[in-house]
1. Suppose R0 equals 25 Å; then what is the FRET efficiency for CYS21 and ILE348 from their Cβ-Cβ distance, rounded to the nearest 0.05?
2. Could you please report the charge total around GLY380, scoring K, R as +1 and D, E as -1 over all other residues with beta-carbon less than 12 angstrom from its beta-carbon?
3. Relative contact order of the chain, please, whole-number percent, based on alpha carbon pairs below 8 angstrom and at least 6 residues apart.
4. Quick check: residue separation of GLU229 and HIS65 times 0.36 nm, minus the Cα distance between them. What number comes out in nm?
5. Relative contact order of the stretch 28-182: what whole-number percent is it, with Cα pairs under 8 angstrom and at least 6 residues apart?
6. Quick one: if you stick a label point 7 Å off each Cα along the C-beta vector at LYS170 and THR402, how many nm between them?
7. Over what distance in Å are the Cα centres of the stretch 1-45 and the stretch 269-291 separated?
8. Place a label point 7 angstrom from the Cα of ARG111 along the Cα-to-Cβ direction, then list the residues of the stretch 230-272 whose backbone nitrogen is under 20 Å away.
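Quick note: the coordinates plus some simple rules give every number you see, no bench work behind them. Please read all numbers here as calculations on a predicted model, not as lab measurements. Methodologically, a virtual Cβ is constructed for each residue, glycine included, from the backbone with ideal geometry; neighbour enumeration extends over all protein chains shown.
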Amino acid sequence: MKSSNRLLIKNIGMLVGAYECAPGVLRGLAMNSVPMLADAWVAVEGDRIEGFGPMSDAPSEDGFHQVVDACHGWLFPCFCDSHTHLVYAGSREGEFRDKIAGMSYEEIARRGGGILNSSDLLNETSEDELFEAASRRLRQCAAGGTGAIEIKSGYGLTVDGELKMLRVIKRLREVFQMLEIRATFLGAHAVGRAYSGRQGEYVDMLIDELLPKVAAEHLADYVDVFCDEGFFTVEETARILGAASRFGIRGKIHANELAVSGGVQVGVEYGALSVDHLERITDEEIVALAGSSTMPTMLPGASFFLGIPYGKGRQVIDAGLPLALASDYNPGSSPSGSMRFVASLGCIKMKLTPEESLNAVTVNGAAALGVSDMGAIFPGAYASVFITTPLPSLAYLQYAYTEPLITRVILKGQSLPA
Ligand code: NIG
Ligand code: FE
């Protein structure tokens, strides 16, 4: 980016989440505050925020290449969605019918549907088709205000299928440079069909054959394991996390969606960046997370779609811990990448305040992604922001959960085409 490429955003009704420097992780009571500045401007140089201030002290427009008038709309840092599976083939609305008729997620999986259904389809689909479908979903996420996003593999479940998914994610990263994208290797999402009844051998294959290839091609920032009842055990999770750590790859674990699985404890023990889902959580998990560097992450979209309990986010914050919320965008348990909806569910179903829920999808989402220069407005941060219509108050963002409030999205200093 040329340093001459300067953008001024003026007449911002309310600048939301503005700090002098990066806020880091917000935990406990600190999650309940969002610094705001009324009637403000933001200056952007290249892809980064240069500074901000009140309109009474606005810089001359002369030095700017472009001026955007926010027309008293509110300006927010982009959402940071730390958990998605948005590379997939086809869709699973047939299972949606099964769920309406009363089948559970576990019953569908036991019948050979679920993740294995998506895996069959993915292995038949070309890399180009996967890339096109994922690009469409990614553009929708960006238009909804998402500026940073994690994407997992986990529908290949074969050496070739997993590498194909991870190469698609790598290509997305190259093409969508205005988004911050992180890739996670989730070979341990389910046991591939070829290994049916031989789970131990499947895990050996992941560790001995696939992980070294993933590491050699630098295809993954993180490794994930679905550590839950009927999927992978704590021992298998520990083996995979241990092997990944030898390649310098940290964990982001699926835990406690279907049962209290021990996934939180093993994640914390191996220094996982986050433990995700947590629809079920006991005092033991809270104790394990306290003082750790692992971000508890909840996915209320999956609770909504599957009709399972919501994570006790309120309890986690009240215990002084941080909390991130993410979309879990995937075809089986959360076919939506809307982070506004996630933030609304955080308030409506998990009883987070609007401030807590906003911090969970921005500042703490960035931390759960391992991205340090997003999720808040501060000098040096990426200029990834969205502008809304004028709002009566902060809570309106989560309250008006279907109103199309976003008028403009700017990613790393560039306006998204309308
Ligand atoms: O995070 N729980 C495991 N994995 C996904 C669901 C994947 C699927 O059903 O395709 C999740 O909910
Ligand atoms: Fe998931």
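1. Numbers: r = 33 Å, r/R0 = 1.31.
Approximately 0.15, to the nearest 0.05.
2. On the way: positive: ARG48; negative: GLU20, GLU45, ASP47, GLU50, ASP373.
For residues surrounding GLY380, the net value is -4.
3. Values: 966 pairs, mean separation 91.0, N = 418.
The normalised contact order for the chain reaches 22 percent.
4. Numbers: separation 164, 0.36 × 164 = 59.04 nm, distance 5.60 nm.
Additional length available on full extension: 53.4 nm.
5. Numbers: 150 pairs, mean separation 35.9, N = 155.
Relative contact order of the stretch 28-182: 23 percent.
6. Once both label points are built, they end up 4.3 nm from each other.
7. Going from one Cα centre to the other spans 30 Å.
8. Label zone hits: 230-231, 258.
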